[in-house]
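To keep things clear, I will list the structure first and then write my remarks on it.
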Amino acid sequence: MTIAPLRLTLEEFLKLPETKPASEYIEGEIIQKSMPNTKHSLLRSKACNKINQVTENSKIAYAFPELRCTFGGRSIVPDIAVLLWEQIQFNENGEPLDDVLVAPYWAIEILSPEQSSNRVTKKNIHCLEHNCQLGWLVDPGDRSILAFLPNQQPQFCEGSDVLPVPEMIPLNITAEQVFSWLRMQE
């Protein structure tokens, strides 16, 4: 949903107050993200936890939910932005700086029913064009994940298909396992 018909510069956009849900700056337009539903929130939470379980202690990477990343003339908020540890800038107290001015190493988007899959795909492609190494488009509706890798055709994954993950992240997971996180009463 576009919330501002006038064209702003990226610098003007970044001075605006944050919105809930977050707004993104894409090609001069301000586009507000969809409000996440329960499945979306659950998948985002479980994915962040799973990734951080295998990356945080060894300082390989960190998965951030809804982290604003500003790069390549856009300011986007992937559902999950995985940054390599060396991409995270810290202040003198060892706390991460708020402004992330690089593409995530791995961008994960979870499709909401009212979202355009093409618009979300375009965000993943933009990330790849700016040194992102992996993008996932997770579709809870049909239980599939479309994986985007640099200079390759997207990979369609479902069921027992093993999902591509960045090489340095020791995670072996299938599409089926990702969607099993939605079953909370087992």
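Couple of notes before you dig in:
Quick grid of which residues meet (1) of a type outside the set (S, T, N, Q); (2) over 10 Å from ALA107 (Cα atoms); (3) touching a helix residue (DSSP H, G or I) at 6+ places or on another chain (Cβ under 7 Å):
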{"position": "LYS123", "(1), (2), (3)": "yes, no, no"}
{"position": "HIS126", "(1), (2), (3)": "yes, yes, no"}
{"position": "ASN131", "(1), (2), (3)": "no, yes, no"}
{"position": "LEU134", "(1), (2), (3)": "yes, no, no"}
{"position": "VAL138", "(1), (2), (3)": "yes, yes, yes"}
{"position": "ASP142", "(1), (2), (3)": "yes, yes, no"}
{"position": "ASN151", "(1), (2), (3)": "no, yes, no"}
{"position": "PRO154", "(1), (2), (3)": "yes, yes, no"}
{"position": "GLY159", "(1), (2), (3)": "yes, yes, yes"}
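- On the stretch given as the stretch 1-11, residues that are assigned to a loop (DSSP other than H, G, I, E, B) and at pLDDT 90 or above total 1.
- Looking across the stretch 113-129 at every residue that is surrounded by fewer than 20 Cβ atoms within 10 Å (Cβ to Cβ) and among the polar types (S, T, N, Q), the one that is modelled with the highest pLDDT is identified as THR121.
- Single match in LEU67, LEU97 (criterion: farther than 16 Å from TRP181 by Cβ and surrounded by fewer than 17 Cβ atoms within 10 Å (Cβ to Cβ)): LEU97
The values are calculated or read from the model by the stated rules, or taken from the named source; none is laboratory data. From a predicted model like this one, the values you see are computed outputs, not experimental measurements. Methodologically, a virtual Cβ is constructed for each residue, glycine included, from the backbone with ideal geometry; neighbour enumeration extends over all protein chains shown.
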